[in-house]
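The block underneath contains the structure these notes are about, expressed in structure tokens.
The values are calculated or read from the model by the stated rules, or taken from the named source; none is laboratory data. The model shown is predicted, which means the values in this text are computed figures rather than measured ones. Cβ atoms come from the backbone with ideal geometry, glycine included; neighbour counts cover every protein chain shown. Just so you know, the surface numbers come from the protein's heavy atoms only, side chains and all, with ligands and any DNA or RNA stripped out. Shrake-Rupley method; radii C 1.70, N 1.55, O 1.52, S 1.80 Å.
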Amino acid sequence: MNAADRSRRLQEATDIVAAVGGVSPERARAVLRAMSAHTHIKEQHVAELVVEWAVSGRLPADLHRELRHQLDTARSTATAEPAPS
């Protein structure tokens, strides 16, 4: 996989997480980074697994738990932030 393919896959994964989680693309990207950090799986591989999940419906259990945890955290953080003036 070349650099353009990796970049596209990361963008696809970001879009998937944003859509599934109802969060902004910036938060979705942070969720992917956190999933990578907390599962010790390279971010690019996490992105590949998320894209595969969108196609197959299968995501390793540890990543699925971490995705749910990160999305719950992202959503609760978003509701706790004050509205911009």
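Here is how the numbers come out for the structure above:
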{"quantity": "Matching entry among V23, V17 (being surrounded by 15 or more Cβ atoms within 10 Å (Cβ to Cβ), under 9 Å from the mean Cα position of the chain (by Cα) and β-branched (V, I, T))", "calculated": "V17"}
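Table: residues versus (1) under 22 Å from E26 (Cβ atoms); (2) open to solvent by 70 Å² or more (accessible area, probe 1.4 Å); (3) assigned to a helix (DSSP H, G or I); (4) touching a helix residue (DSSP H, G or I) at 6+ places or on another chain (Cβ under 6 Å).
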position: I41; (1), (2), (3), (4): yes, no, no, no
position: A47; (1), (2), (3), (4): yes, no, yes, yes
position: V51; (1), (2), (3), (4): yes, no, yes, yes
position: A54; (1), (2), (3), (4): yes, no, yes, yes
position: R58; (1), (2), (3), (4): no, yes, no, no
position: D62; (1), (2), (3), (4): no, no, yes, yes
position: R65; (1), (2), (3), (4): no, yes, yes, no
position: Q70; (1), (2), (3), (4): yes, no, yes, yes
position: S76; (1), (2), (3), (4): yes, no, yes, no
